[in-house]
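Asks: Before I ask anything, here is the structure I am working with.
Rule-based calculations on the coordinates, nothing more; no lab input. Being a predicted model, the structure only gives us computed values, none of them experimental. Using ideal geometry, Cβ is built from the backbone for each residue, glycine included, and neighbour counts are taken over all protein chains shown.
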Amino acid sequence: MTKIISPSLLSADFGNLEAACKMINASEAEWLHIDVMDGVFVPNISFGFPVLEAVNKYCNKPLDVHLMIVHPEKYITRFAKAGADILTFHYETVENPLEIIELIKSEGIKVGITINPDVPVSVLEPYVDTVDLVLLMTVFAGYGGQQFIEDSYARIAELREMIERKNAHCVIEVDGGVNVQNAQQLFDSGVNVLVAGSAVFNANNPIETIHNMLKG
């Protein structure tokens, strides 16, 4: 089974993003997760294109970009050019998810779809066999450092059953409240990719923490 750690840059030291990228490069993390917030869909504002371009220059791992923005269709080409390898959008922010999926695919990059914890997993059924990744938020999008929502395990099981029933090949990613203590249980439940922010970047030894999350 695919097991990937995707540390979230939102928890890194913004004053030294080059050092954060070098740590990721030296670690067993396979991806780097980048949260893009617009202050509209979520209250906070985070990274824009210049930061993504700078990170792309320093990081030699795939950039796993999570768009928490309205009208993602306006920016897909720019995010692809800025270095996104995977582009995930929120189901809640668009009228026609299939249209957005095709737009992202047309840029030659991987596509993901995501929902907040208060959106039924069932809304994803028409899309799981058209995307590369499904991100289940295990906290509400827009804030770092929230506690993992325990009901998420039932949602993960529902999504896993849906993917298997449709013979889809997308991976499952979770984001929010992930740490060394729950990483193995999440992998055991069928999750493939763990996004971890403060648990990695606030650790005394981030590289060791990433290793421990993978090995259980």
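Asks: With the condition kept exactly as written, say whether any residue in the range 141-152 is more than 20 Å from residue 37 (Cβ to Cβ) and buried (at least 19 other Cβ atoms within 10 Å of the Cβ).
Replies: The answer is yes; a qualifying residue exists.
Asks: Anything in the range 94-120 that is surrounded by 20 or more Cβ atoms within 10 Å (Cβ to Cβ) and either closer than 14 Å to residue 159 by Cβ or among the polar types (S, T, N, Q) (or both)? List them, or say none.
Replies: 112, 113, 114, 115
Asks: When the range 33-76 is examined, which residues are found to be touching a residue at least 40 places away in the same chain (Cβ under 8 Å) and part of a loop (DSSP other than H, G, I, E, B)?
Replies: Listed by number, the residues that qualify are 41, 42, 43, 44.
Asks: Further question on the same structure: Among the residues in the range 35-52, are any hydrophobic (A, V, I, L, M, F, W, C), within 27 Å of residue 214 (Cα to Cα) and crowded, with 23+ Cβ neighbours inside 10 Å?
Replies: yes
Asks: Is there a residue being of a type in the set (D, E, K, R) and buried (at least 19 other Cβ atoms within 10 Å of the Cβ) anywhere in the range 63-75?
Replies: yes
Asks: Residue under question is residue 200, and the condition is that it be in a strand (DSSP E or B), within 18 Å of the chain's Cα centre (by Cα) and closer than 16 Å to residue 64 by Cβ; does it hold?
Replies: no
Asks: Also, quick follow-up: Every residue in the range 95-134 that is in a helix (DSSP H, G or I) and over 12 Å from residue 162 (Cβ atoms), please.
Replies: Hits for the range 95-134 are 97, 98, 99, 100, 101, 102, 103, 104, 105, 106.
Asks: While we're here: So which residues in the range 29-52 are out of contact with any Lys or Arg (no Cβ under 9 Å at 6 or more places or on another chain) and among the charged types (D, E, K, R)?
Replies: Within the range 29-52, 35, 38 meet the criteria.
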